[in-house]
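Notes follow once the structure below has been shown.
Coordinate-derived values only; no laboratory data. All figures in this text were calculated on a predicted structure; none of them were measured in a lab. Glycine also receives a Cβ, built like all others from the backbone with ideal geometry; neighbour counts cover every protein chain displayed.
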């Protein structure tokens, strides 16, 4: 049985190649003592030999446990398998690390774990940095805005989340979950584009402890060829934003701390879709993407009027985009 404060670093993998070892060894430089974490690699019938060449411990001396599936479970079901293994081994704290991503050196993840124990936290969200395939850091994704670590109840967290219309609950690798056999995220393989968001949303709803929002990143998310979300395209991503918003509004049943104006919240989703279109898509694709956005907007029961739209626009840009601010 692992120590109560020990972190399981879940590494579900299929043909991770050299990136797998790089990701694994990045944990040693993050500032977490070797007795505070273990790496759990769950191999989904890889054929590249990368798993066979993994060491028994990382460069810090933390144990590396390798589990091999008897058949390929698929990308999402392998996440569930990793979570099942960790809870079966008795780990209470888990996070994910996918091949290609890395922990940042001296990231303070040990302090984050300590804060989770101090505040009886069930889930912690941290910012993360985004790099190109060459590893050069391009920008930081704040996800939530806070100058210091913020702690709130699940109801307060979900109220803020819903009224913004934004759901930055992924990536899984920038979240730390406190789990048990009866309370752990379950990922739906039938919804591969949004299952990380919905599983985390459900996990927060069922939590009895607090939600912690950190101000310091520990994860480097790396763009690389073959990454699932990089293959979606802008149009599919916009459709996913809109569908996630509608499903989340239905999905949250926990009594909230304040009423939510869903019509106003939808303006945040529309603005985020427009920002994505402008930043990621060529100008020639904009008419088509606007048609996609209009079609998705009319499919939801919520309506955005001109006052909602410009009020949200003011909040996001004139006031620093702080739609998801925690104190």
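Here the relative contact order of the stretch 28-158, from alpha carbon pairs under 8 Å that lie six or more residues apart, stands at 23 percent.
Taking label positions 7 Å along the Cα-Cβ direction at both residue 75 and residue 291, the computed distance is 2.8 nm, reported to one decimal. Largest mean-square fluctuation among 211, 292, 197, in a Gaussian network model of the chain whose springs join Cα atoms under 10 Å apart, belongs to 292. At full extension, residue 183 and residue 111 could sit 23.6 nm farther apart than now, given 0.36 nm per residue minus the alpha carbon distance. Measuring r between the beta carbons of residue 153 and residue 193 and using R0 = 25 Å, the FRET efficiency lands at 0.30. Compute the Cα gyration tensor for the stretch 109-260, then decide on rounded, prolate or oblate, letting a ≥ b ≥ c be the square roots of its eigenvalues: rounded whenever a/c is under 1.5, prolate when a/b is larger than b/c in the other cases, and oblate in all that remain. Here the stretch 109-260 falls in the oblate category.
Hey, what number do you get for the chain at 222 nm if only DSSP H runs of n ≥ 4 count, each worth -39500 (n - 2.57), divided across all residues, to the nearest 500? It lands at -11000 deg cm²/dmol. Across the chain, the mean sequence separation of Cα contacts (distance under 8 Å, 6 or more residues apart), normalised by length, yields a relative contact order of 19 percent. Take the alpha carbon gyration tensor of the stretch 196-311, find the square roots of its eigenvalues, order them as a ≥ b ≥ c, and report rounded if a/c is under 1.5; if not, report prolate when a/b exceeds b/c, else oblate. Judged from the Cα gyration tensor, the stretch 196-311 comes out oblate (a/c at least 1.5, b/c at or above a/b).
Relative contact order of the stretch 232-318: 44 percent, from C-alpha pairs under 8 Å at least 6 residues apart in sequence. The slack between residue 276 and residue 232, meaning 0.36 nm per residue of separation minus the straight C-alpha distance, is 14.6 nm.
Can you tell me the FRET efficiency between residue 137 and residue 283 if r is taken as the Cβ-Cβ distance and R0 is 41 Å, rounded to the nearest 0.05? So the FRET efficiency works out to roughly 0.90.
Given R0 = 45 Å, the distance between the Cβ atoms of residue 29 and residue 84 translates into a calculated FRET efficiency of 0.95.
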